[in-house]
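Notes follow the structure.
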Amino acid sequence: MRKISISGLKKILPVILFCLFVSGSYICWNIQNNHKHELILGYMKSSAEQIRICIEDLMKTNMAVMAIFANRLIEKSSAYFSRDLFMQLAGASYKHFSGFSIISMLDRKGVIKWIYPENDISGNSDNQLILLFQDYEQNFFDKMGKNPELLVASCKAFDKEKFAFEASRPLIHNGEIIGYLNFVFEVSRIMENCKFDDLFNDFYIGLYEGKQLVYTNMQKGGADHHENGIHFIRDVNFSGKTWQLLVEPKRYVCSTPVPTNFLFLILALTASAAISFMLYLLLQRIEMYQAATNNLIQEAGKRKKIEETLKLNEEKLESLVDQLEGKNKELEAFAFMVSHDLKNSIFTITGFADALREDFGDLLSEKSRQYIGYIDNAAEKMTLLINDLLELSRVGRLTGRKKKFNFESVVNEALQEIIHRMEGRDIEIKIQENLPDVFGDKKRLIQMLENLLGNAIKYIGKENPAPCIEIGAEQQSGENVFFVKDNGVGIKKEFFAIIFQVFKRLPSTKKLAGGSGIGLAIVKRIVELHGGRIWVSSETGKGTTFFFTL
């Protein structure tokens, strides 16, 4: 039977534990640092949508105003338009609505008849807009003649980097086009009327018509100003015109300061390294203890066999036994000290995990709480592992006095220790009558039987219609063979050779119960220290029987 040596565990287990703690700590830390990036993306997308809606609503309102303006002119005018009526309607529109810069009336040849505001013809800065659209191509008005509906022209540049566009609607009286109502919209004024001051402070905003940039609040860099590599594009549609809206966060929005939780990462890595190193020391000491104990026990056993013929070596043998007891006490004290230090470190980890949960609970995401739970579970498993390893190390010493007693008393005391684990399970316990007497350390034998019964309870199966555990003894080849039998899930024959090894748990039973994988190793050690042997007989789905001699 192949065993896993403590030296092998000393090399592998601390590394595995360190990797698990480091991975969990880094994942928690990385999630916290990525949270700001996700907030920026959400803020950028919602801001782009807000700008798009505002522009589309404003332009839809302006186009509706233009339609009402044209209808009022046609309703109240004859074949010749009244300048006073045009100025009255234009003034009302200009006063109560925003977004357009110039309102003009053109005759059927495209020549401006009237314009509002009036002073823009000569002295206002918007005169550049008038000069721009007075020189508009004749084919635009040819298109208007063929299309009695609204026609929106492409944006044109004026005053260096400013852009404007024209929307014209033909005025049809008695089926004849008698003129055109023309609105000129300045793109920068449209954006100003949308009142995006807060968004302008946080984002670079650009409007594109095709490949041409018609508006930006960028000071430098223009269309290629994607210094952060993060941007969002939305289409803005109104009256047959499509703009591409580009939103990019400014540098200070995307700047990433030193993470405030960097101390958490350092603390977690330090704690992981400390626990792994202390586990390595513990395993190293256990290895030394087992080697020393095994050597001394073997030597003492040989000397007892030749005690009658080697009386001259009696004093030397007693001296070696005394040394053995002294070393056992020293190693026991050291094991307790190391386990105490390990448990203090584990309590520190769980304490900081609880502190994170209490102090930063509102800031932690669901996954962060889940990862803190992983830390708690790992610490709990580590505590159980330390306790079981200490118990395994103690089994090498029979501190109690051996005496003769009936095995039935061992059964009854072991059942009292685990009776609470059978509550609500309706498990039937069968104890054979007239069990034989045994000679040994009663405390250790109770511990051995308690582990076997606990193992049977765990793997008897929750769906078992009639769970039953039987305890008894039988004669085989002139010696008493005790057994603990259950009708649980059973064990495959291929696993018989490994179930008594340290940290070996069957793949098919891992989901049924917890544990450290040391219980059966402790059982085997106790049986062997009583000069006996233990083996298993099982069939999958039909239960398991553990046989042992003392």
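FYI, it's all coordinate maths here, none of it is from the lab. This structure is a prediction, so every number in the text was calculated from the model and none was measured. Positions of Cβ are backbone-derived with ideal geometry, glycine not excepted, and every protein chain shown enters the neighbour counts.
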**Asked** Which aspartates and glutamates, on any chain, are close to residue 250 with Cα under 19 Å apart, when same-chain ones fewer than 8 places away are left out?
**Response** 38, 49, 197, 198, 202, 224, 227
**Fill in**
A correct Karplus calculation of ³J(HN,Hα) over segment 108-117, with 6.51 cos²θ - 1.76 cosθ + 1.60, θ = phi - 60°, whole Hz and x for Gly and Pro, returns 5, 9, x, 9, 5, 9, 9, 8, 10, x
**Item:** Under the Karplus curve 6.51 cos²θ - 1.76 cosθ + 1.60, θ = phi - 60°, whole-Hz ³J(HN,Hα) for segment 405-417, x wherever Gly or Pro sits
**Value:** 7, 7, 5, 5, 5, 4, 4, 5, 5, 5, 5, 4, 6
**Item:** Protection proxy ranking of 149-156, 196-203, 180-187 - average other beta-carbon atoms within 10 Å, highest first
**Value:** 180-187, 149-156, 196-203
**Request:** Taking every pair of alpha-carbon atoms in segment 146-215, give the share separated by more than 15 Å as a whole percent.
**Result:** 64 percent
**Asked** Which ³J(HN,Hα) values, rounded to whole Hz and listed in residue order, are derived for segment 536-550 from phi using the Karplus coefficients 6.51, -1.76 and 1.60 in 6.51 cos²θ - 1.76 cosθ + 1.60 with θ = phi - 60°, glycine and proline given as x?
**Response** 10, 10, 7, 9, 4, x, 10, x, 9, 10, 9, 10, 7, 10, 10
**Prompt:** Taking H as built 1.01 Å from N, whose amide H comes closer than 5 Å to the amide H of residue 102, not counting residues under 5 places away?
**Reply:** 184
**Amide hydrogen neighbours beyond the local backbone of residue 215, cut-off 5 Å, H modeled** = 207
**Complete:** Amide H neighbours of residue 533 at under 5 Å, excluding residues fewer than 5 places away on the same chain, with H built from the backbone geometry, are 549
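Mind ranking 57-68, 471-482, 239-250 by how tightly packed they are, going by the mean number of other C-beta atoms within 10 angstrom, highest first?
With the highest mean Cβ count within 10 Å placed first, the list reads 239-250, 57-68, 471-482.
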**Request:** Past 27 Å, Cα to Cα, is the threshold; run 316/443; 36/160; 403/462; 403/542; 113/156 against it and keep the listed order.
**Result:** 316/443; 36/160; 403/462; 403/542
**Asked** So between residue 200 and residue 365, what do we pick up on full extension, going 0.36 nm a residue minus the alpha carbon distance?
**Response** 56.4 nm
